[in-house]
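Quick one: structure below, then a few questions.
The values are calculated or read from the model by the stated rules, or taken from the named source; none is laboratory data. Predicted, not measured: the structure shown is a model, and the values here were computed from it. Here the Cβ positions follow ideal geometry from the backbone for every residue, glycine too, while neighbour counts run over all protein chains shown.
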Amino acid sequence: MAMLTIGAFAKACRLSPKALRLYDELDLLRPARVDPDTGYRYYAAGQLEKARLVAWLRRLGMPLAEIRRVCLLHDRDSTAAAREVRAYWARIEAETAVRRDLAAFLVDHLTTGPHRPGKDTTMLELRYSAHSETGRVRPANQDAAYAGTRLLAVADGFGPAGASASGAAVEALRFLDTDEIPAGGVLNVLDDAVRGAEQAVRDVADGSDDIGTTLTALLWTGSRLALVHIGDSRAYLLRDGELFRITHDHTMVQSMVDEGRLTAEEAGSHPQRALLAKALTTAEPDLRLHDAHPGDRYLLCSDGLYGVVPEHRVRELLASPLSPDETVRALVGAANAAGGPDNVSCVVADVVEP
């Protein structure tokens, strides 16, 4: 068997000898032979493919622990290894999207901040309504919904104390509805408030991993909305007759869709579609800023709505000339008419000129 010195092998696979020694210590890429007298490492030509794979994955930015998993899969099933790389990159793209939104906010804030000339000071108002019902199947309501002058929120609790968890999360944010929010610091204010909501939920859970809640909330500054989101409750925007979902579900099924392992159609009927990948207190929520336009209509809802009412029907009801209160009740009624298998909560808010 042809053997290569560590120097020749490093040159062939484009990994440095220092990196090869590290990967040997980490049991990621062992040499084929080590000289018992000198300790010098020798590699087989057949190891080049694995070494090049490691080099490519490092260039991708993948952590060594995940590279080890990909390499182990590659030894058995290259298709499974490809799925692992796809899953990793889908996660990176999702995280990058959140950072991109934050970067855009910072650039805008630094160039057209509240004290700089030319800043648009047009103030808008919200017209809003919230409603939550148990539905037709569940024995109790574990949702919480709130709408106020500045704060809109929906939370969907789970576990034996799910109602207390969702209620505690929303209650912990309610002070935002009365405090004056500085436009430039709204993301920081919301982020700090969410830390308080996380602690409130931890107090309710009392160490149990089976109790928690989703949280989707919007904080109004008079011209913008700051969004915080974690879990599978959703936020939608109706603008110029078009409906846009502005949140991303944090569920195991959505992760499989992102990774290409499921189609959106398959996800809709998957038996584990309600299994959460993230919830409040278990991971960092998404946090971003949205510019508001007069005529915008926002919807926050739990999965008890979108799980049974098709999106085209949701858009029809939102696009109707009904008031926020009438629209909320029409949406909840549509969920109950579809069987009402889950608790259903909706918040509708219209952006209007004073």
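What number of residues in the range 108-139 are modelled with pLDDT of 70 or more and closer than 20 Å to residue 220 by Cα? Explain how you work it out, then say what you get.
Filtering the range 108-139 down to residues modelled with pLDDT of 70 or more leaves 123-139.
Restricting the remaining residues to those that are closer than 20 Å to residue 220 by Cα gives 123-131.
The number of residues fulfilling the criteria is 9.
Oh, and also: From the list 80, 90, 103, pick out the single residue that is touching a Gly at 6+ places or on another chain (Cβ under 9 Å) and either among the aromatic types (Phe, Trp, Tyr) or within 29 Å of residue 277 (Cα to Cα) (or both).
On the way: 80 fails: touching a Gly at 6+ places or on another chain (Cβ under 9 Å); 103 fails: touching a Gly at 6+ places or on another chain (Cβ under 9 Å).
Of the residues listed, the single one that is touching a Gly at 6+ places or on another chain (Cβ under 9 Å) and either among the aromatic types (Phe, Trp, Tyr) or within 29 Å of residue 277 (Cα to Cα) (or both) is 90.
Let me ask something else about it. Can residue 34 be described as at pLDDT 90 or above and closer than 27 Å to residue 250 by Cβ?
Details: at pLDDT 90 or above: yes; closer than 27 Å to residue 250 by Cβ: no.
So residue 34 fails the test.
Would you mind listing the helices (runs of 4 or more DSSP H) fully within the range 286-354 where at least 1 residues are among the aromatic types (Phe, Trp, Tyr)? Working first, answer last.
Details: elements: 303-306, 311-319, 324-337.
Once the helices (runs of 4 or more DSSP H) in the range 286-354 are filtered for at least 1 residues that are among the aromatic types (Phe, Trp, Tyr), what remains is 303-306.
Hey, another quick one. Being modelled with pLDDT of 95 or more, out of contact with any His (no Cβ under 6 Å at 6 or more places or on another chain) and either in the same structural domain as residue 347 (by TED's automatic domain parsing) or within 19 Å of residue 153 (Cα to Cα) (or both): is that true of residue 266 here?
Against the criterion (modelled with pLDDT of 95 or more, out of contact with any His (no Cβ under 6 Å at 6 or more places or on another chain) and either in the same structural domain as residue 347 (by TED's automatic domain parsing) or within 19 Å of residue 153 (Cα to Cα) (or both)), residue 266 does not qualify.
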